[in-house]
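The values are calculated or read from the model by the stated rules, or taken from the named source; none is laboratory data. What you are looking at is a predicted structure, and each value in this text was computed from that prediction instead of being measured. Cβ atoms come from the backbone with ideal geometry, glycine included; neighbour counts cover every protein chain shown. Calculation scope for accessible area: heavy atoms of the full protein, side chains included, ligands and nucleic acids excluded. Shrake-Rupley method; radii C 1.70, N 1.55, O 1.52, S 1.80 Å.
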Amino acid sequence: MPTPTRRTVLTATAATAALLSLPARATAATQPTQHYRWRNAVIGGTGFVTGVLFHPTTPGLAYARTDIGGAYRWDEDTARWTPLTDHLGWDDWNLLGVEALAVDPDHPDRLYLALGTYAQSWAGDGAVLRSEDRGATWQRTGLTVKLGANEDGRGTGERLLVDPRDSDTLWLGTRHDGLLKSTDRGATWATDTRFPAAPTPAGQGVTLLVAAGRALYAGWGDASDTTPNLYRTTDGTTWEPVPGQPTGTAAKVPIRAAYDPHAHELYVTYANAPGPNGQTDGSVHKLDITTGTWTDVTPAAPGGTDTFGYGGVAVAAHRPGTVVVSTNNRWSAVDTLYRSTDGGRSWVSLKDTAVLDVSETPYLKWGEADPKFGWWIQAVAVDPYDPEHILYGTGATLYGTRDLRTWAPRIRGLEETSVRQLISPPTGGAHLISANGDIGVLYHERLTASPARGMATDPVFGTATGLAQAAAKPSYVVRTGWGDHGNGAFSADGGRTWAPFPSQPALARDAPGPIAVSADGGVLLWTFVHGDGTTYPAHRSTDGGTTWAQVATSPKGATPLADPVDPAVFYAYDTATGTLHASTDGGRTFAARATGLPSGDSQFQLVAAPGRGGDLWLSTKGNGLYRSTDGGASFGKVGSAWAAYTLGFGKAAPGVDYPAIYLVGATDTVTAVLRSDDRARTWVRINDDAHQWGWTGQAVTGDPRIHGRVYLATNGRGIQYGEPA
């Protein structure tokens, strides 16, 4: 089974880098708006669920958090997750990562979220959202510190806590700025200067906050052999290291903790790294808070080739001694949940008897005969009203059981895919094919169900880097990406089934990049981009990928684009020099055409209008929209849009002879999803303030068979599709 990959953390990825210097924009929304109905094209999860929490006093109420895809509320009546942060817009892209969530046991309608995806210098500060109606509406407090929901340690415990002695008091643990405290329900925050641990610029800081009776416990992720890793306060003012901290855990990270109120015992999981990756050792200990006695209750000790840490921990609120813990980063024997009903004296591995039903989300088989129990298991929850109702998050889904044996994804409504490219075929078959992070390419037979074929196989990709369809031969589709058994594939039936290219250039293994296919399907151009940013010239094949030759005159790293009419013509835009290059000999050679175009722009896209030779559109993040009608010999500025991030085409409006244009960009007002039915002379906004999804600059396309339908790629909220209401 291939090891699923996750989005890069701690460095600015290509997607993230595009966001770091956004142009300023006005705030008034005056452009015309058409009301659209927006829904997810169903995939089902696909991202890292970093936290899940049942409300302790309200049956059927639960919340989940993700690393880049926002927060959700479970609605028992509909058996679905409701997204709670889709209102966060383009400028707030860094807030779609949820570092922590908290509920108030005494006020069931109150919910708090600590938001901030990256704690790096180039990312914005974090924020706290607070709600009095379970996330239906929010009040917001900006922080002066950064949070890191998509960094190492994102699967550790909740760093946000309502003080059990006073519902107006909240605590927030940060990575690099110590412990914060609020006495007005999150409206204002100040550093707790009495918290003894000293933060470091590169550390983990506070990894967990948990209440045990009227005492509060804080895990510290930067401990050493001489520095404690668990602190306690009994009065909310003074903190002390917890006495008798178990030997062998001094340099380990306390990952999560859970309190059994009937047995008066606090369970703590440990690992030798914050995770989700890098853990090779760990343990589980419990503290009798009445006597101060610590007991090692580790279910299985890592060792030899079976290395792992411990992650999630949860107790059954009304079953004293019933506790569930998870292993994490256990690749050889596969991660599991251990369950004990006697306070950790004995354990049963729930994986060993588990029956996994992934029929609702077939991609979870990853091209194999059977699904995996899970990986990156750091979020575990036990329903306080049903001790056999357990949820646990993985790097791709959220599993649940009600009988401790049958497990199935509990994921309806929760969509976290990072989407890279979209194709809507002009005729026959599915209306949508997507290229995605982590789960490769999907063929969407229906928009309301996870693709029945799962992720494309032969070969299986982790993250897709390229997807292209022959304009005059739409049955022929090609894809590229990161894979263990090949990096390029083709389909002769419109994307239903796939076969690997007979061969591939040597660069493809370590630097797979985008690909283009000529209008007739006869020529492939594959560009290579290494993960460290190194770029290479394109390689060309005229025999379906059997042989490849380097195209020395192609601009390095430039995304190739095939003319939709003339199979001999390709284009490539060199953003480093602001030059449009073109080939008229089937990609053998390229020559410069238009020069003086925007250069150095961190985000751009070159698109050809369907069915029109030489009709090119260039969207640039900081310099707006350009158009060429002479095959790139010259470009003119399109004055109706001053910022353009991604552009696509769909079926023309009735009575109009030019395709509808869809744009993520800005006119004279706000960054939005826009549609034009008159060749970009005027635009209508088709999303609204409740449907923004953070950063949406990766891809957009209309449906060539249905006017008004649009498919939108998001970076963590999956594929959104909209239709006029």
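For the reader, a short list of remarks on this structure follows.
- Other residues lying with their Cβ under 13 Å from the Cβ of Ile719 contribute a combined charge of +2, Lys and Arg counting +1, Asp and Glu -1.
- Counted charge near Arg412, where neighbours are those whose Cβ lies closer than 9 Å (Asp, Glu -1; Lys, Arg +1): +1
- Normalised by the number of residues in the stretch 236-291, the mean separation of alpha-carbon contacts (under 8 Å, six or more apart) gives a relative contact order of 28 percent.
- Per residue Cα convex hull volume in Å³ - calculated over the chain: 144
- Using C-alpha pairs under 8 Å with a sequence gap of at least 6, the mean separation divided by the residue count of the stretch 373-488 gives a relative contact order of 14 percent.
- Selection of GluC sites (Glu not before Pro), the stretch 34-137, meeting DSSP coil and at most 13 other Cβ within 10 Å: Glu76
- Histogrammed with a bin width of 5 Å, the alpha carbon distances of the stretch 447-559 distribute as 2, 13, 23, 26, 19, 10, 4, 2, 0 percent, first bin at zero.
- Over 28 Å between alpha carbons, listed pairs Lys365/Lys651; Lys473/Lys637; Lys556/Lys637: Lys365/Lys651; Lys473/Lys637
- Label sites at Gln139 and Ser332, each approximated as a point 7 angstrom past Cα along Cα to Cβ, lie 5.4 nm apart.
- Qualifying trypsin sites (Lys or Arg not before Pro) in the stretch 335-393, where qualification requires a DSSP coil assignment and no more than 13 other C-beta atoms within 10 Å, comprise Arg345.
- Overall form of the stretch 220-335 per C-alpha gyration tensor (a/c, 1.5; a/b vs b/c): oblate
- Using C-alpha pairs below 8 Å separated by at least 6 residues, the relative contact order for the stretch 149-271 is 19 percent.
- Cα Rg, Dmax, the stretch 87-191, angstrom units: 12.8, 39
- Calculated [θ] (222 nm, deg cm²/dmol) that DSSP helices of n ≥ 4 give over the chain, each run adding -39,500 (n - 2.57): 0 deg cm²/dmol
- Report note on the peptides 241-248, 211-218: ranked by the mean count of other C-beta atoms within 10 Å, highest first, their order is 211-218, 241-248.
- Most to least packed among 669-682, 323-336 [average Cβ atoms within 10 Å]: 323-336, 669-682
- Hydrodynamic radius of the stretch 614-666 per Kirkwood, over alpha carbon pairs, in Å: 11.6
- Per residue, the chain exposes 34 Å² of solvent-accessible protein surface, assessed with a 1.4 angstrom probe and all protein chains in place.
- Within the shell of other residues whose beta carbon sits under 12 angstrom from the beta carbon of Ile289, the net charge comes to 0, with Lys and Arg scored +1 and Asp and Glu -1.
- The separation of the stretch 578-639 from the stretch 263-291, counted between C-alpha centres, amounts to 56 Å.
- Spin-label pair Asp585-Thr188: with each label point 7 Å from Cα along the Cα-Cβ axis, the two points sit 7.3 nm from one another.
- A simple packing score, the average count of other Cβ atoms within 10 Å per residue, orders the peptides 147-155, 463-471 as 147-155, 463-471, with the highest score first.
- Carbon plus sulfur fraction of accessible area for the chain, probe 1.4 Å, in percent: 50
- Between amide H atoms placed 1.01 Å from N, distances below 5 Å from Val441 occur with Asn436, Ala456, Phe461, all of them 5 or more places distant or on a separate chain.
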